[in-house]
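Encoded as structure tokens, the structure appears first; notes follow it.
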Amino acid sequence: MSRWAYVNGRFVRHGEAAVHIEDRGYQLADGIYEVWAVIGGRLIDVEGHFERLARSLAELRIAEPMGRRALELVLREAVRRNRVSYGLVYLQVTRGVARRDHAFPDPPPPPAIVITAKSLDRAAAEARAARGISVITLPENRWGRCDIKTVGLLPNALAKQAAKEQGAGEAWFVDADGLVTEGASSNAWIIDKDGVLRTRDTTANILRGVTRKTVMGLVGELNIRLDERAFTPEEAKSAREAFITGAGALVMPVVAVDGTPIGDGKPGPVAQRLRALYILNAQASNNL
Ligand code: PDD
């Protein structure tokens with residue numbers, strides 16, 4: 001039996017269904033989903049799932065992809081076309097397709113919508129229910145693995161958007177101990193009031209920045225002490241200089257933190273020197 005998926009306005013064969021490679025759901029996990037149980041060919045707990053769907057969309061400021069009535073019709077049509085008696089209907093809505101950038105695309109593209117439906121083996125489910133299942137316990141770590149360069153970037157995208165809305169170019173995350181971890185898409189650095197170059201150590205829950213590492217190798221050319229030691233936003237505000245590093249930013253001077261100017265509020269000499277050195281070195285090395 002052929003399966004059908006609903007993709008952005010039409011039903012297509014499941015095997016041929018596709019979304020754009022720059023869909024923000026695919027690249028940044030910038031989307032939400034909902035799942036309805038289907039029993040006897042009918043959607044279960046319809047209201048509860050619609051309410052949560054509306055809430056999830058509102059929280060991410062994604063527009064409703066279609067009206068409630070129309071969406072219900074499509075969900076039921078997905079159940080009908082896929083001949084689901086007992087199973088699930090899956091709905092996913094993303095912010096849509098846009099050139100990759102963490103902050104929300106402006107103007108917003110139309111949200112992208114995908115609906116699939118699948119049958120489950122009812123007898124097997126009942127047999128399992130009759131036996132019962134066991135569980136294991138794990139530390140709560142969702143999402144506590146910022147060392148992995150995963151596409152699960154929704155918090156980063158929201159942080160970048162918040163920065164943009166406040167006229168800033170980057171957001172720095174601060175952990176439960178009140179220490180800066182890293183930026184939404186970069187590593188964070190300061191030259192503190194004592195002239196020490198500081199950035200978070202990589203035993204912390206941060207991305208091991210490649211640019212960060214290369215920059216560390218360049219510090220030897222400057223007469224400056226490097227310390228992989230965390231700093232607070234207050235220390236950043238009283239720092240001589242601050243900057244960020246990353247494949248996108250290279251070395252980018254930071255002139256204000258939460259509205260407080262750093263140093264004299266202009267790009268600092270060390271940051272500028274490191275930027276120049278980084279670019280010079282990159283051009284000199286035999287990269288591809
Ligand atoms: N971001 N921290 C985070 C969370 C990042 O996303 C990045 C890079 C970095 C710096 O890593 P590197 O120096 O290896 O680029 C640190 C890329 C540029 C991005 O998402 O566009």
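What follows is calculated from the coordinates using simple rules that are stated; it is not laboratory data. These numbers were taken from a predicted model, which means no experiment stands behind them. Glycine also receives a Cβ, built like all others from the backbone with ideal geometry; neighbour counts cover every protein chain displayed.
Please list, in order along the range 11-25, the HN-Hα scalar couplings obtained from phi with the Karplus expression 6.51 cos²θ - 1.76 cosθ + 1.60 (θ = phi - 60°), rounded to whole Hz, x for Gly and Pro.
Going residue by residue, I get 7, 10, 4, 3, x, 9, 5, 8, 10, 5, 5, 9, 5, 5, x Hz, with x marking Gly and Pro.
Taking Cα atoms, how many degrees apart are the long axis of helix 269-284 and the longest axis of the chain, rounded to 10 and kept between 0 and 90?
Helix 269-284 and the main axis of the chain meet at about 70 degrees.
Can you sort Tyr33, Tyr86 so the residue with the fewest Cβ neighbours within 10 Å comes first? Intermediate values should be presented prior to the final figure.
Numbers: Tyr33 13, Tyr86 16.
Fewest-to-most Cβ neighbours within 10 Å comes out as Tyr33, Tyr86.
Sort out for me the Cα centre separation of the range 3-40 from the range 137-211, rounded to whole Å.
31
Which angle between 0 and 90 degrees, to the nearest 10, do you get for helix 122-131 versus the longest principal axis of the chain when only C-alpha atoms count?
Value to nearest ten degrees: 70.
Could you give each residue of the range 216-228 its phi-based ³J(HN,Hα) in whole Hz, using Karplus coefficients 6.51, -1.76, 1.60 with θ = phi - 60°, and x for Gly or Pro?
4, x, 8, 4, x, 6, 10, 8, 8, 8, 10, 9, 7
Between Asp194 and Arg225, 0.36 nm times their residue separation minus their Cα-Cα distance comes to what? Could the numbers behind the result be given before it?
Working: separation 31, 0.36 × 31 = 11.16 nm, distance 0.99 nm.
Difference between extended and current length: 10.2 nm.
Extension gain Ser134-Val19, at 0.36 nm per residue separation less the Cα-Cα distance, in nm? Intermediate results must be reported in sequence, preceding the final value.
On the way: separation 115, 0.36 × 115 = 41.40 nm, distance 3.70 nm.
Net length gain for the segment: 37.7 nm.
Mind checking the angle between helix 68-81 and the chain's longest principal axis? C-alpha axes, 0 to 90 degrees, to the nearest 10.
Long axis of 68-81 versus the principal axis of the chain: about 60 degrees.
Whole-Hz Karplus ³J(HN,Hα) for the range 160-177, in order, using 6.51 cos²θ - 1.76 cosθ + 1.60 and θ = phi - 60°, x for Gly and Pro?
Those phi angles translate into 5, 5, 4, 4, 4, 5, 9, x, 10, x, 7, 10, 9, 7, 10, 7, 5, 8 Hz.
Quick one: among Asn141, Asn82, Asn187, which has the greatest mean-square fluctuation in a GNM of the chain with alpha-carbon springs under 10 angstrom?
For the chain, modelled as a Gaussian network with Cα springs under 10 Å, the answer is Asn141.
How much mean residue ellipticity at 222 nm does the chain get from its helices, if each DSSP H run of length 4 or more adds -39500 (n - 2.57) and you divide by all residues, to the nearest 500 deg cm²/dmol?
-9000 deg cm²/dmol
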